[in-house]
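The values are calculated or read from the model by the stated rules, or taken from the named source; none is laboratory data. Given the structure is predicted, the values throughout are model-derived calculations rather than measurements. Glycine gets a Cβ as well: all are built from the backbone with ideal geometry, and neighbour counts include every protein chain shown. Just so you know, the surface numbers come from the protein's heavy atoms only, side chains and all, with ligands and any DNA or RNA stripped out. Shrake-Rupley method; radii C 1.70, N 1.55, O 1.52, S 1.80 Å.
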Amino acid sequence: MENITTIQKRISVSDVSILFLFSAFTCIAIMSDNNFVATPWWSLNSLNILIIFTILALSINLISYNVSTKEYFIAIFLFLLAFVTTYTTKNSTCALDLAWIFILRKVNIKQFIWTILITNLILFFLTWLSYRMGSTLDFTNSVSGKHSLGFGNPNTLGQVAAVLIITSLILQMIKGINNISLFSLNLFALGLLYVSGSRGALVISFCAYIVYGALRKNFLPERNQRILIFFYLFSLIFIVIFSFYSTGESVYTSGSFLNILDKIFTNRIGLNNYFMNQYGLSWFGQRVDYSYGSSIGLDVQYAVLDNGILKSFINYGILYTLSIFFLSYLLCKRMIRFEQNWILVPLVSFCFYGFVEQGFNSFWVNFTIGLLGSVFNTKSVFLKQLPTQKDGK
């Protein structure tokens with residue numbers, strides 16, 4: 001029979017292997033869209049590589065951890081939901097999200113946050129080096145002054161900067177880094193944010209700083225769990241309602257609030273209206289065609305639904321979206337119960353990010369999705385995942 005030390009080492013190796021595959025997955029998923037001069041083979045075959053990484057991580061997970069009867073039922077539900085959404089949408093994003101929710105359910109949370117921060121640093125430096133070496137090109141907008149520094153577009157650079165800001169704030173709150181490291185990382189990330197000119201990244205970074213400051217200064221009372229949970233639910237419900245409000249016809253009325261907002265966000269609000277009228281809602285998701293160009297009659301360079309909230313409802317379906325929202329509520333409730341109030345920083349920030357960017361729906365960007373599986377664990381397993389041990393209330 002294995003002793004405790006052997007089991008702990010085996011689990012530790014399993015965690016490292018899974019987090020390594022998660023890191024590699026993230027790098028491939030984002031870098032495959034870089035502005036390559038000559039597209040490499042791995043970029044052309046990126047989806048197949050991502051599926052292989054997912055299968056490997058899932059195999060390691062099933063071999064390394066005991067799976068309870070409850071987890072088998074959960075896995076069956078996630079599999080059925082993944083199968084249905086993949087079939088109806090002809091898109092693998094939901095299936096990958098749901099698979100990694102199950103895969104990451106038992107990893108150490110502090111190690112997970114560290115992995116995200118390090119991965120995004122690696123992402124930037126690999127892309128920047130390839131840009132400096134001439135392998136990738138700078139996607140730039142001479143009018144707005146935006147730059148991508150080799151990434152597929154400036155918003156991706158901004159996204160990397162925003163994730164660096166959020167993860168550094170979290171690590172400072174859980175004593176993972178000191179104030180000097182926090183200041184240095186944020187100064188670097190803010191520089192990238194400025195270069196990118198990304199409005200979406202600016203929104204999420206601003207939200208992260210606001211929530212971080214509110215928690216540090218006790219404007220959000222850390223001992224009042226009901227207020228903290230209500231704060232997240234209010235933020236989620238508000239942004240969902242506001243997203244649906246943004247599909248209104250008044251976007252085409254000159255001088256209206258939505259029309260002004262549409263100009264600020266470069267016609268993205270008008271696209272919300274277009275896609276809602278064109279496709280509507282469905283329970284199990286549907287195929288949505290996105291295209292580049294101005295064929296739909298709007299003065300835009302692309303016809304893409306950037307609002308991640310609406311994309312989830314319209315493209316992936318009501319059932320999938322509400323399942324993710326419900327799991328995020330359970331995650332918030334459980335984390336705050338065990339005094340992990342820092343969870344509000346990413347949860348609330350990514351809510352508002354969802355209004356302007358579809359990265360809200362991808363677990364390699366919105367990493368709170370990767371934490372959702374922890375709500376299925378028993379109390380004893382969950383406590384071992386936490387950055388600091390709490391007894392709960």
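A search for C-beta distances below 7 Å between a residue of segment 114-125 that is in contact (Cβ under 8 Å) with a residue 60 or more places away in the chain and within 12 Å of I166 (Cα to Cα) and any residue that is of a type outside the set (F, W, Y) and open to solvent by 10 Å² or more (accessible area, probe 1.4 Å), counting only pairs 6+ apart in sequence or on different chains, returns W114/G176.
Would a scan of segment 355-370 turn up a residue that is more than 18 Å from Q111 (Cα to Cα), within 16 Å of the chain's Cα centre (by Cα) and among the hydroxyl-bearing types (S, T, Y)? Yes, segment 355-370 has at least one match.
Considering every residue within segment 129-152, establish whether at least one is in a helix (DSSP H, G or I) and open to solvent by less than 10 Å² (accessible area, probe 1.4 Å). No, segment 129-152 contains no residue that is in a helix (DSSP H, G or I) and open to solvent by less than 10 Å² (accessible area, probe 1.4 Å). Of all residues in segment 364-375, those that are more than 10 Å from S328 (Cα to Cα) and assigned to a helix (DSSP H, G or I) have Cβ atoms under 9 Å from Cβ atoms of residues that are open to solvent by 10 Å² or more (accessible area, probe 1.4 Å) and among the hydrophobic types (A, V, I, L, M, F, W, C), 6 or more apart or on another chain, in G370/W364; S374/V381.
If a residue has to be more than 28 Å from L386 (Cα to Cα) and open to solvent by less than 20 Å² (accessible area, probe 1.4 Å) to count, how many in segment 83-114 make the cut? It would help to see each step written out before you state the result.
Restricting attention to segment 83-114, the residues satisfying the condition of being more than 28 Å from L386 (Cα to Cα) are 83-92.
Then drop every residue that is not open to solvent by less than 20 Å² (accessible area, probe 1.4 Å), which leaves 85, 89.
Of the residues in segment 83-114, 2 are more than 28 Å from L386 (Cα to Cα) and open to solvent by less than 20 Å² (accessible area, probe 1.4 Å).
The set of residues in segment 235-287 that are surrounded by 15 or more Cβ atoms within 10 Å (Cβ to Cβ) and among the β-branched types (V, I, T) comprises I239, V240, T247, V251, T266, I269. Against the numbered list (1) out of contact with any helix residue (DSSP H, G or I) (no Cβ under 9 Å at 6 or more places or on another chain); (2) touching a residue at least 24 places away in the same chain (Cβ under 8 Å); (3) aromatic (F, W, Y), F183 comes up short only at (2). The criterion of at least 2 residues that are over 19 Å from G359 (Cβ atoms) and either in contact with a strand residue (DSSP E or B) (Cβ under 8 Å, 6 or more places away or on another chain) or among the aliphatic types (A, V, I, L, M) (or both) is met by the following helices (runs of 4 or more DSSP H) wholly inside segment 215-331: 225-245, 257-264, 268-279.
Taking the criterion of being hydroxyl-bearing (S, T, Y), buried (at least 23 other Cβ atoms within 10 Å of the Cβ) and assigned to a helix (DSSP H, G or I), the residues of segment 163-206 that qualify are T167, S168, S196, S205.
All conditions in (1) at pLDDT below 90; (2) in contact with a Gly (Cβ under 8 Å, 6 or more places away or on another chain); (3) open to solvent by less than 10 Å² (accessible area, probe 1.4 Å); (4) not aliphatic (A, V, I, L, M) hold for Q385, with the sole exception of (2).
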